[in-house]
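> This structure is in structure tokens; I'll ask about it shortly.
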Amino acid sequence: MTQSPLSVLIVEDEYLIAMDLEQELADRGFVTIGPAGSLQDALGLLESEEVHLAVLDMHLKASDSFPLARRLTERGVPFLFLSGNDASALAPDLKFARVLPKPVDYDVLEAELRDLLPG
Amino acid sequence: MAALALPDNCVSTSCSDGLRALEQTFQAAPIGIAHVGADGSWLRVNQQVCDMLGYEADELMALTFQDLTHPADLHTDVGLANQVLNGEIDRYRLEKRYFHKDGHIIWANLTVAAVRDARGRFVHFISVLEDISEVRQAHIALAETEERLRRVLNSVVAYIAVLSTDGAILLVNDPALTVAGLSREEVLGEPLWETYWFSQSEESKARVRDAVTRAALGERSRFDVDVMVKDGTTRTIDFKLVPNHDEAGNVHEIIASGVDVTERKRGEEHREMLLRELSHRVKNTLATVQAMANHTMRNTGDFERFQAAYKGRLSAIARCHDLLVATDHVSVDIRNLVTSQVRPYTRGDGKTLVLEGKPLVLTGEAAHAFGLVLHELTTNAAKYGALSNQTGQVKIAWDKVRDETGDWVEINWTEAGGPPVAPPAQTGFGSALIRKSLSHAMGGSASVSYAETGLSARFRLPLHAAL
């Protein structure tokens, strides 16, 4: 039985962290999309790529990533936040979202990502 | 006119008994009594008058009342006495000042009437003097106390009002009026919550009204509330209501006071914001350090090479951080940034590094990102390029440029005089960082060329990365 690999959209404005996430998730068998460093880039990728899951930094250079989180919610794409802030910094309508603190243990991140999927 | 009739059998003996009794009354009366002549001379005084003014009776006989009257009261007193003398009035009463023999002032309540003979001719004045110095003193002391309290009330930093039990303003201090540009007349008698101070929201009106109602029932309360001040902005006050009880234990008025805590509140909010910001930065820095370790690990085969590369990169992050802390955490002069990242790797003869450019200040984020790029360029030059021999030179030039794509800060890194250069066979973490990190989230770009004479690189950051 074969399973097509899961694709993860990575949104992170710190270049070093973004590259590291990309590498680690690729090593763990995910197809990575991005990393996007801005809200604009991320929204563009969401249109052009098939996204199964998403990892979002909460605060990007010019904005927060909440508009993207709302778009993902509308589309039924599961996501989690990776942030230096805790859940109290979330917009009220996004309180349901999972927030993992930085720096993250990649094994935990992988497990949390797989938990987001139904079944 | 009613008159007491003397009994018919009044003979000299009984009359003289009567006179003796009158004389005793005159002397023993617990109030000063004097007979005074038309010219104001003392004719007869009782002991009370002597005690009051400090003279012996015979000393007084040589003086007039004018001699002992305070100049400020003299005109009134003499004028009234003349009216009695002329029959214009029967009597007068006056609160006046005398000089005691030792010089101090005596306040007296003076009542004067005239004694006339059967034909109505003036005989002498009869003056009754009551010493009211103590009462006067108490009045003055009370007035002074009131004046002092008024000054205290108007000098404190607090806003203070006294309210009736239904919330009407009975008294208000100057600071409360001044801060809102109100006059006393505008607010006296108005319910506190209906005034300009609380006009900015129905919520605070209702809250104050409710608190006053509870204060009238004896309950104290204290809370922060926003008030309007004169330029239409609001300030936050620490507001307190205290019921004042009368002797029977009933609330008869309410003391309202407030202290401006706007700055304190702002300070608290600012501190919380800074703490959140700091925590966010620290976690991000840790994540960056973790990522840097992972990258370095993937690109170096053994622990010794990892240690050397990682130590260099960690110091590069630390140097960026030092510069940010040394300024205000939001900006870094590009000359300082370049110097701090590159100088540690130069020969120290002052000729290795050439810097060209007008003063230019980068934002903290741009400085952090570009600082790491500079570190990777520098370590590459130290290994293979212009910083690896005794003749090489690195020139770093920066300027603001404009073309059809927009406004940019352009930075050129040019190496010369090093060993001959060939493009690397494979690209590692360092060269990926040099080429991609500025475009990732900064909106910048990078291009690197490997001419045989030396590596050169051109970077562009959007102008908003500079201040």
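Since every read-out is calculated from the coordinates, none of them should be taken as a lab result. Not measured: the values here are computed from a predicted model. No Cβ is skipped: glycine too gets one built from the backbone with ideal geometry, and neighbour counts run over all protein chains shown.
Conditions tested, residue by residue: (1) among the acidic types (Asp, Glu); (2) within 23 Å of B:LEU60 (Cα to Cα).
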{"site": "B:GLU95", "(1), (2)": "yes, yes"}
{"site": "B:ILE105", "(1), (2)": "no, yes"}
{"site": "B:PHE125", "(1), (2)": "no, yes"}
{"site": "B:VAL128", "(1), (2)": "no, yes"}
{"site": "B:ARG136", "(1), (2)": "no, no"}
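> Which of the residues spanning region B:240-288 are within 16 Å of B:HIS368 (Cβ to Cβ) and either buried (at least 17 other Cβ atoms within 10 Å of the Cβ) or more than 14 Å from chain A (Cβ to nearest Cβ) (or both)? Let's see the steps before the verdict.
Going through region B:240-288, the residues within 16 Å of B:HIS368 (Cβ to Cβ) turn out to be B:277-278, B:280-288.
Of everything in region B:240-288, those that are within 16 Å of B:HIS368 (Cβ to Cβ) and either buried (at least 17 other Cβ atoms within 10 Å of the Cβ) or more than 14 Å from chain A (Cβ to nearest Cβ) (or both) turn out to be B:HIS280, B:LYS283, B:ASN284, B:THR285, B:ALA287, B:THR288.
> If the Cβ limit is 8 Å and pairs must be 6+ apart or interchain, which residue in region A:94-112 that is more than 11 Å from chain B (Cβ to nearest Cβ) pairs with which residue that is of a type in the set (Lys, Arg)?
The qualifying pairs are A:LEU94/A:ARG70; A:GLU110/A:ARG28; A:GLU112/A:ARG98.
> Looking only at region B:377-393, count every residue that is crowded, with 23+ Cβ neighbours inside 10 Å and assigned to a helix (DSSP H, G or I) and tell me the total.
Of the residues in region B:377-393, 3 are crowded, with 23+ Cβ neighbours inside 10 Å and assigned to a helix (DSSP H, G or I).
> Still on this structure, I have one more. Which residue is nearest to the chain's Cα centre (by Cα), if the candidates are limited to region A:1-13 and must be of a type outside the set (A, V, I, L, M) and away from chain B (no Cβ under 14 Å)? Before you say what the answer is, go through the steps one by one.
Step one: filter region A:1-13 for residues of a type outside the set (A, V, I, L, M), giving A:2-5, A:7, A:12-13.
Remaining after also requiring away from chain B (no Cβ under 14 Å): A:2-5, A:7.
Working: A:THR2: 25, A:GLN3: 21, A:SER4: 19, A:PRO5: 16, A:SER7: 11 Å.
So, considering only residues that are of a type outside the set (A, V, I, L, M) and away from chain B (no Cβ under 14 Å), the one nearest to the chain's Cα centre (by Cα) is A:SER7.
> Condition first: over 57 Å from the mean Cα position of the chain (by Cα) and part of a loop (DSSP other than H, G, I, E, B). Now tell me which residues in region B:83-125 satisfy that. Full working, then the answer.
So the first thing to find is which residues in region B:83-125 are over 57 Å from the mean Cα position of the chain (by Cα), and the list is B:83-91, B:112-125.
Once the filter is applied, which keeps residues that are over 57 Å from the mean Cα position of the chain (by Cα) and part of a loop (DSSP other than H, G, I, E, B), region B:83-125 yields B:ASN86, B:GLY87, B:GLU88, B:ILE89, B:ASP90, B:ASP117, B:ALA118, B:ARG119, B:GLY120, B:ARG121.
> Residue by residue through region A:14-40, note down the ones that are touching a residue at least 24 places away in the same chain (Cβ under 8 Å) and within 9 Å of chain B (Cβ to nearest Cβ).
Going through region A:14-40, the residues touching a residue at least 24 places away in the same chain (Cβ under 8 Å) turn out to be A:14, A:17, A:21, A:24-25, A:28-39.
Hits for region A:14-40 are A:GLU14, A:ILE17, A:LEU21, A:GLU24, A:PRO35, A:ALA36, A:GLY37, A:SER38.
> Looking at (1) touching a Leu at 6+ places or on another chain (Cβ under 9 Å); (2) without any contact (Cβ under 8 Å) to a residue 60 or more places away in the chain, find the lone condition where B:GLN390 falls short.
Of the numbered conditions (1) touching a Leu at 6+ places or on another chain (Cβ under 9 Å); (2) without any contact (Cβ under 8 Å) to a residue 60 or more places away in the chain, the odd one out for B:GLN390 is (1).
> Still on this model: If we scan region B:429-450, do we find a residue that is within 14 Å of chain A (Cβ to nearest Cβ), under 19 Å from B:GLY312 (Cβ atoms), touching a residue at least 60 places away in the same chain (Cβ under 8 Å) and part of a loop (DSSP other than H, G, I, E, B)?
no
> Among the residues of region A:18-67, which ones are over 19 Å from A:LYS102 (Cα atoms) and of a type in the set (Val, Ile, Thr)?
A:VAL31, A:THR32, A:ILE33, A:VAL51
> Tell me, yes or no, whether region B:410-421 has at least one residue that is within 14 Å of another protein chain (Cβ to nearest Cβ), of a type outside the set (Ser, Thr, Tyr) and part of a loop (DSSP other than H, G, I, E, B).
Going through region B:410-421, the residues within 14 Å of another protein chain (Cβ to nearest Cβ) turn out to be none.
Among the residues of region B:410-421, not one is within 14 Å of another protein chain (Cβ to nearest Cβ), of a type outside the set (Ser, Thr, Tyr) and part of a loop (DSSP other than H, G, I, E, B), which makes the answer no.
> Just to be sure, is B:VAL361 closer than 29 Å to A:MET19 by Cα, surrounded by 14 or more Cβ atoms within 10 Å (Cβ to Cβ), β-branched (Val, Ile, Thr) and more than 14 Å from chain A (Cβ to nearest Cβ)?
On the way: closer than 29 Å to A:MET19 by Cα: yes; surrounded by 14 or more Cβ atoms within 10 Å (Cβ to Cβ): yes; β-branched (Val, Ile, Thr): yes; more than 14 Å from chain A (Cβ to nearest Cβ): yes.
Judged against the criteria, B:VAL361 is a match.
> I would also like to ask the following. Just need a number here: residues in region B:126-149 that are buried (at least 16 other Cβ atoms within 10 Å of the Cβ) and assigned to a helix (DSSP H, G or I). Walk me through it before giving the result.
Keep residues of region B:126-149 that are buried (at least 16 other Cβ atoms within 10 Å of the Cβ), which gives B:126-133, B:136.
Filter once more, keeping what is assigned to a helix (DSSP H, G or I): B:133, B:136.
The qualifying residues number 2.
> So, B:THR296, is that one within 14 Å of chain A (Cβ to nearest Cβ), β-branched (Val, Ile, Thr), assigned to a helix (DSSP H, G or I) and more than 14 Å from B:ALA369 (Cα to Cα) or not?
Values: within 14 Å of chain A (Cβ to nearest Cβ): yes; β-branched (Val, Ile, Thr): yes; assigned to a helix (DSSP H, G or I): yes; more than 14 Å from B:ALA369 (Cα to Cα): yes.
The answer is yes for B:THR296.
> Return the total of residues in region B:310-331 being part of a helix (DSSP H, G or I) and either under 45 Å from the mean Cα position of the chain (by Cα) or away from chain A (no Cβ under 14 Å) (or both).
First, pick out the residues of region B:310-331 that are part of a helix (DSSP H, G or I): B:310-326.
Keeping just the survivors that are either under 45 Å from the mean Cα position of the chain (by Cα) or away from chain A (no Cβ under 14 Å) (or both) gives B:311-312, B:315, B:317-326.
Number satisfying all stated conditions: 13.
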